[in-house]
1. Return yes or no: is residue 105 in contact with a Ser or Thr (Cβ under 9 Å, 6 or more places away or on another chain) and β-branched (Val, Ile, Thr)?
2. Quick one: is residue 133 free of Cβ contacts under 8 Å to residues at least 12 places away in the same chain, within 21 Å of residue 31 (Cα to Cα) and open to solvent by less than 80 Å² (accessible area, probe 1.4 Å)?
3. Restricting to strands (runs of 3 or more DSSP E) lying wholly in region 1-120: which have 3 or more residues that are open to solvent by 40 Å² or more (accessible area, probe 1.4 Å) and within 23 Å of residue 140 (Cα to Cα)?
Amino acid sequence: MTAAVRHDLPEADDFTRPYWDAAAQGRLLLRRCADCGRAHHYPREFCPFCWAGEDRVAWEPASGRATLYTWSVIHRNDLPPFGTRVPYTAAVVDLAEGPRMMTEVVDCAAAELRIGMPLTVTFRETADGVWVPVFRPAPPD
C-alpha cells in the first residue's frame, strides 16, 4: 500500500537543508548577498538582485518579525491535507529584513486581520520532524 500524496511537505535538498533544519529548531533563516547587501526569500544559491554567485550569498538568522501585506481566507482546497484545515488564512508578509514571503497566518480570526498588522513567526510541525514557518499576531509592545 502506498502512502497518500501530501501537498504541504517541502522538497528539501542539500541546498535547502539548513533552512529546514533551522525551522525544526524554531529559527527562520534568510539568504543575504555580500555584494549588494540585500536579503531574499525563497532561498536561492545566487542573489536575485545583483546576480552575485553562491560564494557571495550566505544564510543568516531572521528576526521573525513581519507585517501583513495581504491575505485570503481559503474555504475549499481539495489537495491533501489542506481540505482538513479549511478555513485557513493564506498570506503574504513583509519580513522585517525586507523580503516578502508567502505563508499562513494562524491564531487570528479573519475579521481581526489588517494590512500592516505586526506578526511574528512560529513553526508548525506538518509531519514527523518537518516544521514550516507560519505567522501569528505579534504580542503588544
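The values are calculated or read from the model by the stated rules, or taken from the named source; none is laboratory data. Please read these numbers as outputs of a predicted model, since none were measured by experiment. Ideal geometry is used to build each Cβ from the backbone, glycine not excepted, and the neighbour counts take in all protein chains shown. Ligands, DNA and RNA are stripped out before the accessible areas are found, and what is left, the full protein with its side chains, is counted by its heavy atoms. Shrake-Rupley method; radii C 1.70, N 1.55, O 1.52, S 1.80 Å.
1. So residue 105 passes the test.
2. no
3. By residue number, 65-74.
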